[in-house]
Structure formats: C-alpha cells, structure tokens
Amino acid sequence: MSEWLVLSIAMASACAVVLTIAVLNNRRIADDDDPSETPDVIEYMTMMIGVVYAIVLGLAIAGVWEGRSAAQESVRLEAQALHEVQARSSVYPAEVRDRIRADVDAYVTHVVDTEWQTMSERGTLTERGTELLDRVRADVTDYEPRTDHEGQAYQPLVDQVAAADDARTSRAQNAGETMPGVVWFGLIIGALVTVGLIFTLQIRRTFRELLLAGLFSALIAFLLFLIWNFDAPFGRGVSATAEPFLDLFPEATR
C-alpha cells in the first residue's frame, strides 16, 4: 500500500472519528445549554496542553529529521572515502592498483544493489558487505611500499579505509527505527488527549466549528505520519539515498 494512501486514510479517519463524536455529542446537549458557560480554567488547560504537545511534536520531528540527515551524511562520507582509496591507489603498481579498484567496485555494487534493500526491509547490513570491505582493507594494508612515493601514499590509504569502515558502522546504527516505543506511546496518547480536550469546549454543529475540529485532527494525524515516515532513515518515503555512491562510482553502479 502506498504511504501517501496510508496518510490519506489516516487523516480521513481522524476527521471522521472527531466529527462523528462531535455530532453525536451535540445531540445530547439540551436546547437551553449555553456554550459560554465553559469554565475559563478548562479553556486555559486545553490551551496549555495543546502548546505542550505541539512542543513535543516539534522536538520529535526535529529528532527524526536529524537522524535522517546523519544517515545521509554517513553515506556521503563512506562513498567519499572509498573514492579516495581508488584515486590514491594510482601510485601503486598496476596489478595492486587494479585489484584495489576492482574490490572497491565490487563492494559499492553490493551496497547499492543488495545491501540497500536489506537495510530498507530489515534494518541491518549484510555479512557479504562486511567481507567485501575487509577485502579492500587487506588489499591496502597487506601491500608493502617499495618506493618513497608509495610509502607516502600508504598511510593516507589506510586512513581512508578506516574512515569508510567508520562511516559504514554509522550507517548500520542508523539503519533501523530511531524512535523508542515509549516515545511513540507518549505521542499517540498525547494526540488522543489533545484531540479529546476539544470536546470540553462544547463544539456546536456549525460548519465553522466542525471544519476547525476536522482540520485540527487531520493536522495531528499528518504530523504523526511525518514522524513515522522519517523514523527509518533508509526504509520509508523521505529516506536517505545512495546518490553519493551513484555519483562517485557510475561504472560500478550501472
């Protein structure tokens, strides 16, 4: 099912539930009831709870967006480090250089074609990807420089492989969902409380009041969907992409 269809259903359902309760609740109110009799303290509490929940929603959205940005940055750093390994290996003999570049291409191809889907579906990396990166590391560290020029390039190459490994570890940490279950519990309960409190204000069956109640509930549903969509940096709609690999390794990712 499309994520946008899920969003549409969630927003429509939230509106339908709120409007149905508002209409049914209005039928129970006597004709001589005066809406202006709502105690001021209830209006104040409703406003304060809404403000607090808005702050919580804002922090949650900022948190998941920051996680998504960190995931994308780890991909960029990993791709850039591997690109540097390929470029700096040009000072090595042809057979060593070609082996390093072939193993880097094999790793990048596996990441883009196989590992990315595994991250999306399971939130984990693959053992094959780890093996291919270890092969690149062995290609670099096992070679003994024969000239001063090769010796000067050796340590930077080792450092770039370490940087790629560090970025891969960061990508693994960001592969799954980032929001704890207890936070989701608080967000959902807070949404129910916040939407439920609007019924303490004695909503009438006027078009304006019903419209505002429906739009408010739809907004809450949209914000919760937005948090859920950003929660898995590699697995849902607005997710981190493999563009850095595709840009720096066009031959390996065809």
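Results, tabulated for the structure shown:
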item: Residue in region 6-19 that is within 18 Å of the chain's Cα centre (by Cα), part of a helix (DSSP H, G or I) and at pLDDT below 70 present; result: yes
item: Residue in region 187-210 that is within 30 Å of residue 114 (Cα to Cα) and touching a residue at least 40 places away in the same chain (Cβ under 8 Å) present; result: no
item: Filtered residues of region 55-83 (kept if over 15 Å from residue 103 (Cβ atoms) and over 20 Å from the mean Cα position of the chain (by Cα)); result: 80
item: Sole exception among (1) of a type outside the set (Val, Ile, Thr); (2) loosely packed, with under 15 Cβ neighbours inside 10 Å; (3) in contact with a helix residue (DSSP H, G or I) (Cβ under 6 Å, 6 or more places away or on another chain) for residue 148, by number; result: (3)
item: Whichever residue in region 86-119 is hydrophobic (A, V, I, L, M, F, W, C) and over 29 Å from the mean Cα position of the chain (by Cα) and, among such residues, is farthest from residue 163 (Cα to Cα); result: 94
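Matching residues to (1) charged (D, E, K, R); (2) modelled with pLDDT under 85; (3) in contact with a strand residue (DSSP E or B) (Cβ under 7 Å, 6 or more places away or on another chain):
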site: 41; (1), (2), (3): no, yes, no
site: 50; (1), (2), (3): no, yes, no
site: 58; (1), (2), (3): no, no, no
site: 65; (1), (2), (3): no, no, no
site: 75; (1), (2), (3): no, no, no
site: 78; (1), (2), (3): yes, no, no
site: 86; (1), (2), (3): no, no, no
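The values are calculated or read from the model by the stated rules, or taken from the named source; none is laboratory data. Predicted, not measured: the structure shown is a model, and the values here were computed from it. Every residue, glycine as well, gets a Cβ built from its backbone with ideal geometry; the counts of neighbours run over all protein chains shown.
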